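Here the structure is laid out as structure tokens; the discussion comes afterwards.
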Amino acid sequence: MSDDIYREIILDHYRNPRNKGKIDNADVVIHDSNPLCGDQIDIYLKVVEGQIKDIKFDGKGCAISQASASMLTEMVMDKPLTTAKDISKDEVLENIGLTNLGPARIKCALLSLKVLKMGMVKYYSDKEPTTAEKMEKDSNLF
Ligand code: FES
């Protein structure tokens, strides 16, 4: 697909974000921002029997950060936590599809993945501390 098509997809997710909002009884709520620009993402997760039964995000910021969050929620909805925790930077960037992202824009695109990974560490730290420690070490986003 050409960059133009990806741009349209990003704008569509930015203007009509999927899974935007809050979950009242979320198992995990996690927040982070990009210190360079102040853009923010909150992620809410509802986990049932090891599966992401619901995920919502809230936030403000540039089109890439918000569209990427919207796309990420679609990638992990109804997936086992084990699948979601293994999502890589490359998969997210591939999903965004723009080939010419500079380092600053890459941070925009990966902000929601960073927040999701932080949420997973938080989730596991209560239940399986060794898994949480391993995730924190393994993750090259931290
Ligand atoms: Fe802040 Fe994109 S400009 S995340």
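May I ask you to list the residues in segment 47-69 that are outside any strand (DSSP E or B) and buried (at least 22 other Cβ atoms within 10 Å of the Cβ)?
In the first step, residues of segment 47-69 are kept if they are outside any strand (DSSP E or B); the result is 49-50, 61-69.
Those that are outside any strand (DSSP E or B) and buried (at least 22 other Cβ atoms within 10 Å of the Cβ): Ile64, Ser65, Gln66, Ala67, Ser68, Ala69.
Restricting segment 70-82 to residues that are assigned to a loop (DSSP other than H, G, I, E, B) and not hydrophobic (A, V, I, L, M, F, W, C) leaves a set whose member that is farthest from the ligand (Cβ to nearest atom) is Asp78.
Those residues that are surrounded by fewer than 17 Cβ atoms within 10 Å (Cβ to Cβ) and either without any contact (Cβ under 8 Å) to a residue 60 or more places away in the chain or in a loop (DSSP other than H, G, I, E, B) (or both), I need them from segment 30-39; list them, please.
Pro35, Leu36, Cys37, Gly38
Has segment 3-14 got at least one residue that is under 24 Å from Tyr124 (Cβ atoms) and surrounded by fewer than 19 Cβ atoms within 10 Å (Cβ to Cβ)?
No: zero hits.
Of all residues in segment 96-122, those being away from the ligand (no atom under 16 Å from the Cβ) and over 19 Å from Ser33 (Cα atoms) number 2. Taking the criterion of being closer than 18 Å to Ser65 by Cα and assigned to a loop (DSSP other than H, G, I, E, B), the residues of segment 1-20 that qualify are Asn16, Pro17, Arg18, Asn19. Quick one: which residue in Leu93, Leu110 is farther than 24 Å from Asp54 by Cβ, modelled with pLDDT of 90 or more and not hydroxyl-bearing (Ser, Thr, Tyr)? After ruling out the rest, the residue left standing is Leu93. Taking the conditions (1) assigned to a loop (DSSP other than H, G, I, E, B); (2) within 15 Å of the ligand (Cβ to nearest atom) in turn, Ile23 satisfies each one other than (2).
The values are calculated or read from the model by the stated rules, or taken from the named source; none is laboratory data. All values reported here derive from a predicted model rather than from experimental measurement. No Cβ is skipped: glycine too gets one built from the backbone with ideal geometry, and neighbour counts run over all protein chains shown.
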